[in-house]
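The values are calculated or read from the model by the stated rules, or taken from the named source; none is laboratory data. As the structure is a prediction and not an experimental result, all values here were calculated from the model. In this analysis, Cβ positions are derived from the backbone assuming ideal geometry, glycine residues included, and neighbour counts consider all displayed protein chains. Areas reflect the complete protein model, heavy atoms only, side chains present, ligands, DNA and RNA absent. Shrake-Rupley method; radii C 1.70, N 1.55, O 1.52, S 1.80 Å.
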Amino acid sequence: MTKSILLSCQRTNQIKDDDSFIQGRQTHARVLTNSQLYTLFIFFPKKSTTRNMNSFGRLLQLAVASIALVLSAWSSSSIITAEAFSTWVTGSNQKMARTVLSSSSSSSSSSSSSSSSSLLPDTTSPTTKAFPPQPKTATSSTNDEPLRLMQQKHRPIASSFVPKQFNPHPALNNCHLQTISGVFLRKDPDCAYIAEEGGIAQVLNSVSNTMQPGGAYDDEKCGFWDERQRITTSCKQDFYTVDIKYAGERKTQYQSVEGKGMVVLIHGLESNSNSSLSTDMGQAYVEDGFDVVCINFRGCCGSPNDTLGGYHLGFTDDLRHFVQLISELWTNNDNDDFEKRPIYLSGFSLGANVVIKCLGELGDAALSLYNIHGASVTGAPFDAERNINFIDGPGFNRALYGRRFLKSMKDKVSETDPLTELIDYKGAMSATCISEYEDAVIAKLYGFEDHIDYYRQTSCYYFLPGVAVPLFILNAKDDPFFDPEFYPIEESVDGGSMAPIKMERTKHGGHLGYMFHQPSESEKKSERSASWMPMELARFISHVHNYEDEES
């Protein structure tokens, strides 16, 4: 089957907004500024002294330089000198490192502020249309009596959850540093959590080890998952894969003997089940006694899918298809091998949008038809129309993060027939930003008018009122991909909404970072099998599960 086939059963659903990166707004004199970090990125040599250094290797170098610069700026006693910093960066980077450290220490606060402002995205783009005034739901109505009753029943569960405080080391709370380290350093316990004494030295040592050959986390060598299942889509023309991790001894496919229930995990843009965040979240849920299934979006499992269509910001088809399959296993079970256990959803970034949108589409049917009892997500984009200028606008985000995502998406389109009429192939390959690519590919492929229409039909903000089961949304205020002025707290239990949604917005964390957490005294006494953010998401799922057990 050729790549030019478009699945007739694909509906308008979801884009790539994944575990990504950032734009700093720190003004404190002892924290890395935008201009300093941007300078590091621009002047990093295009070719490393290591011939095979790829773009991720350069990002690792950026992480090293960022950490050292931040610590140098933080240390009033100049414990970390230019000479010490240069030992962490190899070859021709040493001269650049000394130069940047020297210039950063002598630059005035006014010049830093001016440079930072020039790097902020242009939020007055003439292509941006007026925002829709109110959220909407796709298939549910807030006047629907079953939905209203289910929301009323579940509000106490969401409202009774008390989020913990994310407390990063003050020298390592820069949003770009949080974002980048979340990709490369998450699996290192000395970086996920930082000790009061000797913590900084451990971080530097971890970064140094990561830059050595074979030191970085390699998702192609991931051995976390127990098994993989290839699933044919409902229209029988394509497939997606799911990876499974059992909480104990395997009983039957998707269930262990000891499992309390199943957590279905949805990854972000251009990510997959083997990413450091996917496996870290999976570990947190498994440790709490849940079997975990991670859905790989079409084309994200390591093998190209059979059709031109893949996934996007609102693509809930595969998630809905999978929970339907699970429901059929217990309803059509002749030998009682497969038990009807609670299902929970989880996701990050684009995956968070998919989870929320799916819950809004299903309404009360999420529980009544599919046994979905709750969900826990992070990095929810809420409104892509507001956010697009923070990744597409000129400056640091577009130079580092936007280009990386755009290249990855173009690489997939480049494998298709240039003469296909299903997309604007020429427009896609010449796109200079993500929104241009979405006009050429996503809008054409899925029937949207343009990228603005696409955002308005798929952004999870408009589906929040239709959520009927307990939902926890964890976001960071300094997430550089999102509009910092927009946070729909009014759609949560704390804002007076009927929907059983608990929202928590931390001061720091970047985009999917939440690294270098300083544990509280109570946290020090408990075991930590994953980094702070996955543990917090898992804590909510356990809260919902235990609350319902006590009620029953």
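Karplus couplings for region 454-467 from phi (6.51 cos²θ - 1.76 cosθ + 1.60, θ = phi - 60°), rounded to Hz, Gly and Pro as x?
4, 4, 5, 8, 10, 4, 5, 3, 6, 10, 4, x, x, 6
Sequence neighbours fewer than 8 away in the same chain don't count; with that in mind, list the aspartates and glutamates whose C-alpha is under 16 Å from Lys507.
Of all the aspartates and glutamates, those that pass the test against Lys507 - Cα under 16 Å, at least 8 places apart if same chain - are Asp478, Asp479, Asp483, Glu485, Glu536.
Over the Cα atoms of region 237-370, compute the convex hull volume and normalise it per residue, giving Å³.
110 Å³
With θ set to phi - 60° and the Karplus curve 6.51 cos²θ - 1.76 cosθ + 1.60, what are the ³J(HN,Hα) couplings of region 290-302 in order, to the nearest whole Hz, using x for Gly and Pro?
Here the 3J(HN,Hα) series is 10, 6, 10, 10, 9, 7, 8, 4, 4, x, 10, 9, x Hz.
Per 0.36 nm of contour for each residue apart, how much would the distance between Tyr487 and Gln212 grow if the chain were fully extended, relative to their Cα-Cα spacing?
That works out to 95.0 nm of additional length.
Under the rule of at least 5 residues apart or a separate chain, name every residue whose amide H is placed under 5 Å from the amide H of Lys251.
For Lys251, whose amide H was placed from the backbone, the distant partners under 5 Å are Ser256, Val257.
Which of the GluC sites (Glu not before Pro) found in region 473-552 are in a DSSP loop and have at most 15 neighbouring Cβ atoms, other than their own, within 10 Å?
Answer in residue order: Glu485, Glu527.
Accessible surface of Met211 in the full protein assembly, 1.4 angstrom probe, to the nearest 10 Å²?
About 50 Å², ignoring ligands and nucleic acids.
Set the bar at 25 Å for Cα to Cα. Now go through Lys221/Lys426; Lys221/Lys245; Lys164/Lys340; Lys153/Lys502; Lys245/Lys444 and name every pair that lies beyond it. Could the numbers behind the result be given before it?
Numbers: Lys221/Lys426 35 Å; Lys221/Lys245 16 Å; Lys164/Lys340 32 Å; Lys153/Lys502 14 Å; Lys245/Lys444 37 Å.
Among Lys221/Lys426; Lys221/Lys245; Lys164/Lys340; Lys153/Lys502; Lys245/Lys444, the Cα-Cα distance tops 25 Å for Lys221/Lys426; Lys164/Lys340; Lys245/Lys444.
Tell me, what is the 1.4 Å probe accessible area of Glu287, in Å² to the nearest 10?
The accessible area of Glu287 comes to roughly 100 Å².
If you take the square roots of the eigenvalues of the alpha-carbon gyration tensor of region 475-552 and sort them as a ≥ b ≥ c, do you get rounded (a/c under 1.5), prolate (a/b over b/c) or oblate?
It comes out oblate by the Cα gyration axes.
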